[in-house]
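Participant: Shown below is the structure under consideration.
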Amino acid sequence: MHRLILMRHAKSDWNTTAKTDFDRPLTTRGIRDVPRMADWLRRNALMPNSIACSSAVRTRQTAELLTAGRDAMGDDAVGNIEYHDALYHAGQAELLRIAQSLLKSERRVMIIGHNPGLDGLLRYLCGRQLPYTNNGKLMTTAAIAVIGLAGFEPPAGRAGLNAGAGRLEHLVRPKSLEN
């Protein structure tokens with residue numbers, strides 16, 4: 001089975017000297033949350049084989065923290081991280097295009113990006129019966145959604161990533177991993 005893993009960047013700093021939204025870094029909380037999420041992925045044998053990541057500062061930092069120490073991970077090591085300007089504020093069509101491209105060569109891939117795009121993609125692939133937070137979000141900061149794609153056909157994408165093609169296997173938020 002193919003798996004598409006979505007991860008929203010960790011908590012970013014609004015009170016920064018960054019000149020643009022694109023350049024905002026992670027907060028201390030964001031830096032703390034990502035290794036816990038990486039540990040959850042490793043414990044569940046879900047570390048992706050390949051990652052497509054927005055090129056914004058906060059998503060790059062998230063990817064770097066997520067894959068820190070990957071040389072020591074053995075078979076679970078992430079093979080490739082590609083940074084895409086197009087993932088910054090990407091809409092559903094762009095997210096689907098990148099996901100299908102990754103899934104052509106790997107069975108377990110991740111996109112690290114932003115909302116509202118990730119929320120929209122999760123709704124599109126898995127339907128509407130999803131575990132929203134009190135403020136109506138699915139993908140809180142540093143959240144990870146694992147989507148099983150049993151019928152995905154990579155070469156021509158005939159079954160592809162159509163509406164309802166996925167099954168939500170996990171939606172993990174940093175707060176759920178706190179002791």
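Participant: Give me the pairs: first residue in the stretch 115-126 and part of a helix (DSSP H, G or I), second residue β-branched (Val, Ile, Thr), beta-carbon distance under 6 Å, and six or more apart or on different chains, which are they?
Facilitator: LEU125/ILE147
Participant: So, one more: Inside the stretch 93-114, can you point out the residues that are polar (S, T, N, Q) and either outside any helix (DSSP H, G or I) or touching a residue at least 60 places away in the same chain (Cβ under 8 Å) (or both)?
Facilitator: Of the stretch 93-114, the ones polar (S, T, N, Q) are 100-101, 105.
Scanning the stretch 93-114 gives GLN100, SER105.
Participant: What number of residues within the stretch 116-175 satisfy the criterion of being modelled with pLDDT under 90 and among the hydroxyl-bearing types (Ser, Thr, Tyr)?
Facilitator: Final tally of qualifying residues: 2.
The values are calculated or read from the model by the stated rules, or taken from the named source; none is laboratory data. Treat the numbers as computed from the prediction; the structure is a model and nothing was measured. For neighbour counting, all protein chains shown are included, and Cβ atoms are generated from backbone atoms with ideal geometry for every residue, glycine included.
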